[in-house]
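Report on the following structure.
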Amino acid sequence: MSIFQSIILAIVEGLTEFLPVSSTGHMVIVSSLMGIADDSFTKTFTIAIQLGAILSVVVLYWKRFFISLSFYYKLFVAFIPAAVIGLLFNDSIDALLERVEVVAVTLILGGVIFIFIDKIFKDTAENENNEVTYSKALKIGFFQTIAMIPGVSRSAATIIGGMSQKLNKKTAAEFSFFLAVPTMFAATAYKLLKFYQEGNSFGSNEVALLLVGNVVAFIVAMFAIKSFISFLTQHGFKWFGYYRIIVGVLILALYYFGVELSVL
């Protein structure tokens, strides 16, 4: 992997991690077109640079992380379902990750749902009672487990989960960002631990690539989060739905025309 390739992947990570468009689907296309999808370091790199994206949430919303202990308790409650199911069904999830067509189909299906989701939850748009209770946090956590299916999008699942609990779009999206911190940190730590347990290590070149990748992902994610909140409250999910369908169809076209694609 070159510095240029690491920057491209980091930009994609920063732009898509917190948007309801599936970062996995985009990584499939970009890394495969650059011819580095099958490289073991690429797969670790795409996980490790999530740390930069996580940090962007902490920096943007740093005041919210010092409100009260109940804030952390609610995040922990929401995190539990994904942690438990992830550990119990890790092998099955990894098997799905090898299925490029699964990513494409879930992108398309999710896109169709997104076209109509604003109408389904139109009553929550002006809802002023936006407190995230422990019960709501747990239910959102169960929605997050749906994102273990490649292509679903963690942010999409949790935002819709929040809206199903009568939260408005802004509050649901922000809680989705907060929940990403423990979830993505745990996933990153677990993948890096497996990387080392398999006898791998990082040389100076790999360390430099990881540093560049995390910095770029951090900067891009900050802009993406700010823009997303504004766009979502004004325009809803419809355009994200159309975009998901286009990406899903593109992946299927590349797959069936014999372009080698690899899910990270």
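The values are calculated or read from the model by the stated rules, or taken from the named source; none is laboratory data. Keep in mind that this is a model prediction, so the values were computed, not measured. Note that we place each Cβ from the backbone using ideal geometry, even for glycine, and neighbour counts take in every protein chain shown.
Just one of (1) in contact with an Asp or Glu (Cβ under 7 Å, 6 or more places away or on another chain); (2) closer than 23 Å to Thr171 by Cα trips up Ala217, so point out which.
(2)
Out of Asn200, Asn205, Asn214, I need the residue that is part of a loop (DSSP other than H, G, I, E, B) and more than 14 Å from the chain's Cα centre (by Cα). Which one?
Just one listed residue meets the conditions, Asn200.
Matching residues to (1) touching a Lys or Arg at 6+ places or on another chain (Cβ under 6 Å); (2) surrounded by fewer than 20 Cβ atoms within 10 Å (Cβ to Cβ); (3) at pLDDT below 80; (4) within 21 Å of Lys194 (Cα to Cα):
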| site | (1), (2), (3), (4) |
| --- | --- |
| Thr16 | no, no, no, no |
| Thr24 | no, no, yes, yes |
| Leu33 | no, yes, no, no |
| Ala37 | no, no, yes, yes |
| Ser40 | no, yes, yes, yes |
| Thr44 | no, no, no, yes |
| Ile49 | no, no, no, yes |
| Gly52 | no, no, no, yes |
| Leu55 | no, yes, no, no |
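So how many residues does segment 144-161 have that are modelled with pLDDT of 90 or more and either touching a Lys or Arg at 6+ places or on another chain (Cβ under 7 Å) or outside any helix (DSSP H, G or I) (or both)?
Adding up the residues that qualify gives 2.
So which residues in segment 188-211 are modelled with pLDDT of 80 or more and buried (at least 17 other Cβ atoms within 10 Å of the Cβ), if there are any at all?
Listed by number, the residues that qualify are Thr188, Glu206, Leu209, Leu210.
Would it be correct to say that Val58 is part of a helix (DSSP H, G or I), without any contact (Cβ under 8 Å) to a residue 60 or more places away in the chain and among the β-branched types (Val, Ile, Thr)?
Here the answer is no, as Val58 does not meet what is asked.
What's the number of the condition Ala224 fails, among (1) within 18 Å of His26 (Cα to Cα); (2) touching a Phe, Trp or Tyr at 6+ places or on another chain (Cβ under 8 Å); (3) surrounded by fewer than 16 Cβ atoms within 10 Å (Cβ to Cβ)?
If we test Ala224 against (1) within 18 Å of His26 (Cα to Cα); (2) touching a Phe, Trp or Tyr at 6+ places or on another chain (Cβ under 8 Å); (3) surrounded by fewer than 16 Cβ atoms within 10 Å (Cβ to Cβ), just (3) comes out false.
What's the total number of residues in segment 30-40 that are out of contact with any Leu (no Cβ under 8 Å at 6 or more places or on another chain), assigned to a helix (DSSP H, G or I) and not hydroxyl-bearing (Ser, Thr, Tyr)?
So the answer is 1.
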